[in-house]
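I have placed the structure first, in the form of C-alpha cells, so that the comments after it can refer back to it.
No value in this document is a laboratory result; all are computed from the given coordinates. Given the structure is predicted, the values throughout are model-derived calculations rather than measurements. Glycine also receives a Cβ, built like all others from the backbone with ideal geometry; neighbour counts cover every protein chain displayed.
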Amino acid sequence: MIRNTMRVAVTAACLVGMTSFASLAASAFEGVWKVKDTAGRPFEITLSSRGVAKATRGKGMTGTWKEEGNAAVIRWKTGWTTKITNEGGQYRKTAYRKGQALDAPPANSSDAERAK
C-alpha cells in the first residue's frame, strides 16, 4: 500500500514538473515582427514572453497576445485583433476591425517577417 502511494506521488510530481516546464517554454512567436498596415506602411509588432504586445504604429498601440494553434492572436486596446499565422513555414499577418469576426475576411493582411 505504501509502495503504491509513493509510486502515485512520484508520478504526479513528474507530471506537474513536465507541465510547468512546458508552460515556461518560449513560444515561436515571441520577438519582433515586421508587417504592414492597411495603407502598406511598414511597422513592427513586439510579442513578449509575458503575453504583452506592442507596436510601432500609432501612439500607445499596446495589447495582449497568446498562442492559439499555429497563430499568435493579438488583442489590441483599440479593439482591433491581429493574427500572425505560420502557414507552412511562411508567416502571414491578418488584421480584424473592432467587432469583426476572426473567421471573416480580414480588413488587412501582409507578410510577417521575424526582425529579431
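A compact table of results
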quantity	calculated
The range 26-114 shape via C-alpha gyration tensor axes, a/c threshold 1.5	rounded
Computed label-point distance, nm, for sites residue 68 and residue 104 using a 7 Å Cα→Cβ extension	1.5 nm
Amide H contacts under 5 Å for residue 37, placed H, 5+ residues apart	43
